[in-house]
Amino acid sequence: MINPGLRNRSVLVTGTDNPRGIGEAIAAAFAATGAVPFRHRYDSVDFENPSALPALFDEAERACGPVDILVNNAACWSADTFLPSGRKSEQGWLELWTDPAKPVSVDSITRHFLVNAGVPALLMQEFARRHASRGASWGRIINISTAGSDGFPAEVSYGASKFALESYTRAAASELGPLGITVNALALGPVQTGWMTPALEEALLPTIPLGRIGTPQEIADVVVFLASEQARWVTGQRIFVAGGHRM
């Protein structure tokens, strides 16, 4: 068995509210390696008040020690569209969501970009500041994006905010590499965490060459790999974890 070299590494994982979710699977996968995960359950007050974010690191450090690995998993999502209200999409995607897509608005743009791009950027900055102040030379940041970030019909603000997160990822990889920090993003395909309707699952299956919807554990395994010693020369990458849904 390969030793990922993560024993006693402190890990801050955001967005661990859902017991069937990706964040919880990531935290459990790290714990299985001997790492010490700190679970941050999504709280919209915290994540929409960026000035409170340093307190999150304080809490994690009190529980687990200085943070070695940051996983930006928490996100907000709502379906929005450029189509006028009541108009159906050509692809039929708008009709498959549990919550119908609404016209894009200032509120949907602002909230998606703040929570999905702005907050992770500020957490990366805080991670780097603390890392440098203690003279650390090893660190990992893994950001959770989507395979639809290049343009996401029916989820236009969500997709655009994740595209911004990927840009932050590449910039951070370039700037933080000299500090010994690798920074990568996972672009996820369809993963069932309880949100997909049977109709949506059925519609998506033909777009996935491996023929099935993904599981949170499959995402967690790749996150752990990117944090491991085996991935020590991998940085600045967007890695599709999507069963071939996007290549």
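What follows is calculated from the coordinates using simple rules that are stated; it is not laboratory data. Quick caveat, the model's predicted, so the values are computed rather than measured. Using ideal geometry, Cβ is built from the backbone for each residue, glycine included, and neighbour counts are taken over all protein chains shown.
Values as computed for the structure displayed
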read-out: Rounded to 10°, Cα long-axis angle of helix 53-64 versus longest principal axis of the chain; value: 60 degrees
read-out: Coarse-grained scattering of the stretch 197-247 at q = 0.19, 0.26 Å⁻¹, given as base-10 log I(q)/I(0) from a Debye sum over alpha-carbon atoms; value: -0.73, -1.02
read-out: Long-range amide H partners of residue 188 with built H, under 5 Å; value: 145, 146, 147, 241
read-out: In Hz, Karplus ³J(HN,Hα) per residue of the stretch 142-148 (6.51, -1.76, 1.60; θ = phi - 60°; x = Gly, Pro); value: 10, 9, 9, 10, 9, 5, x
read-out: Amide hydrogen neighbours beyond the local backbone of residue 16, cut-off 5 Å, H modeled; value: 40, 41, 42
read-out: Neighbour cut-off at most 15 other Cβ (10 Å), DSSP loop, chymotrypsin sites (Phe, Trp or Tyr not before Pro), the stretch 152-245; value: 195, 233
read-out: Helix-only CD estimate at 222 nm, as mean residue ellipticity for the chain, using -39500 (n - 2.57) per DSSP H run (n ≥ 4); value: -11000 deg cm²/dmol
read-out: With Cα atoms, 0 to 90° folded angle of helix 156-176 axis to the chain main axis; value: 20 degrees
read-out: Exposure rule at most 14 other beta-carbon atoms within 10 Å, DSSP loop trypsin sites (Lys or Arg not before Pro): the chain longest free segment; value: 135-211
